[in-house]
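Dropping a structure here in structure tokens format, bear with me for questions.
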Amino acid sequence: MITIHPANKPSAKPDPKPEAAATSAEPASPSKVIAVVNQKGGVGKTTTAINLAAALALEGLSTLLIDCDPQANTTGGLGFARDEARASIYDLLMGHTTADKVILPTDVANLSLIPGSKNLIGANLELVAQDRREYRLRDALAPIRANYPFILLDCPPALDLLTLNSLVAADGHLVPMQAEYFALEGISELMSTLDRVTQSFNSTLALEGVLLTMYDDRTNLSQQVTENLKAFFDDKLLKTSIPRNVRLAEAPSHGKPVALYDPKSRGAEAYRELALELLTRNNIQSPEEKRRKAASAAAASSL
Ligand code: ATP
Ligand code: MG
């Protein structure tokens, strides 16, 4: 039996503590900023960030994807070649530029990208000396937040200043996990870090959900891990799980999200289902959902 210390259980609602130094310029908006986070490497953060963002965009919702990882896999996975001279999230964090100047359109309708860069490797050290070092991303996104119903942040596999900036900028965090024994080991550490962030920097940060990735429901271990996660996270464990699917692994080398690379694959269907689950949980009806409902109502009335 795998157990997690109950002290690290996610609280249903974060404590309403006064914000230490929240920016005053933030417009009230219906936008939702979600950080895709897990300090464990290779669990499907980037695959989830790219394909969930694309699925939301294809539902007709303007979506901004931000590559906060020095590996810049999200940037490459959307077909952008490495280019250290291109303005990136690094320049934004350092205050060299503004968000509107680093946003790039992508091949997916309604999906924009703020690219990552290898320059981010130095950002952790450089940020230490900066004013409001934990709030740099939050402050930089404030003027453009209202333009996007969804902003997704792909975090690096570390609980460093880049991840901290993402969590301080976010309304919610989404935690991809593999259903394996070692995946659970880091969860206590991640949850206590998230609690500390909530208490010190961002009192409204909430767990959006835990997502099982590379899932194979035929193994006993997967089932046991799923049961333990269900007991621990309750309804925060998302109903949608992402199966292991080779199309998901191939798509980035073609510079496309799976929805464009192979829209009928199991991977594409799973990320579409995940987007619909998140929309339902947030009470958001997408333009595509409205169109589908109108079409089925018209078909029913013509019978
Ligand atoms: P890192 O911590 O290094 O940033 P990550 O958490 O972002 O990694 P990914 O890069 O998304 O993880 O995935 C790790 C590897 O697993 C990649 O090669 C990716 O293509 C593959 N992969 C992710 N999800 C799936 C899946 N559902 N089916 C098959 N392969 C997958
Ligand atoms: Mg990654």
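If I ask for residues that are within 16 Å of ligand 2 (Cβ to nearest atom) and buried (at least 22 other Cβ atoms within 10 Å of the Cβ), which ones from the range 124-160 would you list?
Leu152, Leu153, Asp154, Cys155, Pro156, listed by residue number.
Further, regarding this structure: Out of everything in the range 109-123 that is closer than 17 Å to Leu64 by Cβ and aliphatic (A, V, I, L, M), what residue ends up being surrounded by the fewest Cβ atoms within 10 Å (Cβ to Cβ)?
If we take residues in the range 109-123 being closer than 17 Å to Leu64 by Cβ and aliphatic (A, V, I, L, M), then Ala109 is surrounded by the fewest Cβ atoms within 10 Å (Cβ to Cβ).
Hey, Ala249 hits all of (1) small (Gly, Ala, Ser); (2) surrounded by fewer than 17 Cβ atoms within 10 Å (Cβ to Cβ); (3) at pLDDT below 95 but one; which does it fall short on?
That leaves (3) as the condition not met.
Determine, yes or no, whether Asn228 is under 19 Å from the mean Cα position of the chain (by Cα) and either part of a helix (DSSP H, G or I) or buried (at least 19 other Cβ atoms within 10 Å of the Cβ) (or both). Spell out the reasoning first.
On the way: under 19 Å from the mean Cα position of the chain (by Cα): no; either part of a helix (DSSP H, G or I) or buried (at least 19 other Cβ atoms within 10 Å of the Cβ) (or both): yes.
Criteria not met by Asn228.
Additional query: Restricted to the range 58-87, and to residues that are within 11 Å of ligand 2 (Cβ to nearest atom) and assigned to a loop (DSSP other than H, G, I, E, B), which residue is nearest to Leu137 (Cα to Cα)?
Result: Cys68.
Can you name every one of the helices (runs of 4 or more DSSP H) wholly within the range 93-188 that holds 1 or more residues which are of a type in the set (D, E, K, R) and over 30 Å from Glu227 (Cα atoms)? Write out each step before concluding.
On the way: elements: 99-102, 120-128, 136-141, 161-169, 181-185.
Correct list: 99-102, 120-128, 136-141.
Determine, yes or no, whether Leu207 is away from ligand 1 (no atom under 16 Å from the Cβ), farther than 21 Å from Leu127 by Cβ, surrounded by fewer than 18 Cβ atoms within 10 Å (Cβ to Cβ) and hydrophobic (A, V, I, L, M, F, W, C). Write out each step before concluding.
Values: away from ligand 1 (no atom under 16 Å from the Cβ): yes; farther than 21 Å from Leu127 by Cβ: yes; surrounded by fewer than 18 Cβ atoms within 10 Å (Cβ to Cβ): no; hydrophobic (A, V, I, L, M, F, W, C): yes.
The answer is no for Leu207.
Now for a different question. Do we find that Phe201 is more than 14 Å from ligand 1 (Cβ to nearest atom), modelled with pLDDT under 95 and surrounded by 13 or more Cβ atoms within 10 Å (Cβ to Cβ) in this structure?
Working: more than 14 Å from ligand 1 (Cβ to nearest atom): yes; modelled with pLDDT under 95: no; surrounded by 13 or more Cβ atoms within 10 Å (Cβ to Cβ): yes.
No; evaluated as a whole, the condition is false for this residue.
The values are calculated or read from the model by the stated rules, or taken from the named source; none is laboratory data. Since the structure is predicted, the reported quantities are computational estimates derived from the model, not experimental observations. Methodologically, a virtual Cβ is constructed for each residue, glycine included, from the backbone with ideal geometry; neighbour enumeration extends over all protein chains shown.
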